[in-house]
Amino acid sequence: MRTSLLLLVCVGFVHGLGRVSLSRLPSVRSRLRAAEQLNEFLREHQPDVFSRRYAQCYPATQHYLRMGGRSTERLYNFMDAQFFGQISLGKPEQNFTVVFDTGSTDLWVPSSYCVSQACAMHHKFKAFESSTYAHDGRVFGIHYGSGHLLGVMAREELKVGSVTVQNQVFGEAVYEPGFAFVLAQFDGVLGLGFPQLAEELGSPVFDTMIAQGLLDEPVFSFYLKNNGSSFGGEVVFGGVDETRFVSPINWIAVTQKGYWQIRLDVVKVQGALRFCYRGPQGCQAVLDTGTSLIGGPARDILLLQQFIGATPTAVGEFLVDCVRISSLPVVSFQINNVEYSLTGEQYIRRVRTTQQPFQHFNPSNLRRH
């Protein structure tokens, strides 16, 4: 069985095929841990990540998603982003590494005018060197756990694989918050969510590709591979690579446009514990390539952690003794009547701590399958 994910989405009908190789390197979380800065970061940034990021997926009347008098700007998870590839902007081309993120919609990269330490560590877009650059005049802001990312809007020629997009709206970040961005391996983010999710005003990259007739089919597909090497897979625009998966493709309809939101039938743990089964509608889930986490309601996740026997830490992570991995229960996700099962070896993230030889575990870290 291949320990990989093929994520395929389809939208309407249009010529071309673009393929971008993805790299997989240690996440920002892993690098913070290696630098012994993770606990401090998590203590300082403890917002309700799941509720804030996916709040619009739920009815406003649900009290546990209310933010009181605070702003309800979306919170994007970038700390666990691991799969990223290369794009280019402008003429002559300026190259950037970006996370291809189905959990957001906007495209942004650092600006040459950025004043943050994080920008100094990454490639910066130099508008004055491009003959195809067009200033937009608007400003934008995206809220992360460590603060606001701020920037200005522009339009530019964009190249993704072999596909060249004209006059693409994007953001030039002039301020990136927090030292976590300093450790990020990627320069920016290319969002692949629906237009309804956009912080910026303008057509998202995938929608622009379709509108300009650049694709064979209105489809993009992800092949994400966890093999311990830097090769993380690829993203294909305009079709699928049938050598990357075992047929047939199991289709599931989007329930609400914004995120790639679907119905999750049920979650099972060794057949003895079940979640999302309380009604005929199951529960709602979001397919998000911008994070390696799987999250859920706090009470259910805590129950799952207790069932597995994970030990909580002061900063919200959970540990499992290394020797228990082979005996951990199977966790299964049923989507459109098809069951996808994960063993302990597949949903445990192996991390050596400075205290004891435990493995890091967070049931919101269950790997996609």
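Observations, loosely collected:
- The length gained by stretching the chain between H135 and Y340 to full extension, at 0.36 nm per residue less their Cα-Cα distance, is 69.1 nm.
- Annotation: amide H-H contacts under 5 Å for S116 (H modelled 1.01 Å from N, sequence separation of 5 or more, or interchain): E176.
- Residues M121, M209, M153, ranked from the fewest to the most other C-beta atoms within 10 Å, line up as M121, M153, M209.
- Phi angles of segment 302-311 translate, via the Karplus equation with coefficients 6.51, -1.76, 1.60 and θ = phi - 60°, into HN-Hα couplings of 5, 4, 5, 4, 5, 5, 6, x, 7, 9 Hz per residue; Gly and Pro are given as x.
- FRET efficiency, C322 to F231 (Cβ-Cβ, R0 30 Å, nearest 0.05): 0.70
- Taking amide hydrogens as placed 1.01 Å from N in the peptide plane, the amide H of D187 sits under 5 Å from those of T97, V98, each at least 5 positions away in sequence or on another chain.
- Estimated FRET transfer efficiency when R0 is 25 angstrom, pair Q166-K257 (beta carbons, to 0.05): 0.50
- Karplus-derived 3J(HN,Hα), 6.51/-1.76/1.60, for each residue of segment 151-165, Hz, glycine and proline x: x, 10, 8, 7, 10, 7, 6, 10, 10, 10, x, 9, 9, 10, 9
- One Cα centroid belongs to segment 280-328, the other to segment 240-258; the line between them spans 25 Å.
- Cut-off under 5 Å, modelled amide H: who pairs with Q284 long-range: L264
- Residue-wise HN-Hα couplings along segment 109-115, as the Karplus relation 6.51 cos²θ - 1.76 cosθ + 1.60 with θ = phi - 60° gives them from phi, are 9, x, 8, 5, 9, 5, 9 Hz; Gly and Pro carry x.
- Fewest-first ranking of C283, C276, using other Cβ atoms within 10 Å as the exposure measure: C283, C276
- Protection proxy ranking, peptides 98-107, 214-223, average beta carbon neighbours within 10 Å, highest first: 98-107, 214-223
- Taking the fewest neighbouring Cβ atoms within 10 Å as the starting point, the ordered list for E157, E317 is E157, E317.
Each value in this text was obtained by applying a stated rule to the coordinates, not by laboratory testing. No experiment lies behind these values; they were computed from the predicted model shown. All Cβ positions, even for glycine, are placed from backbone atoms using ideal geometry, and neighbour counts span all protein chains on display.
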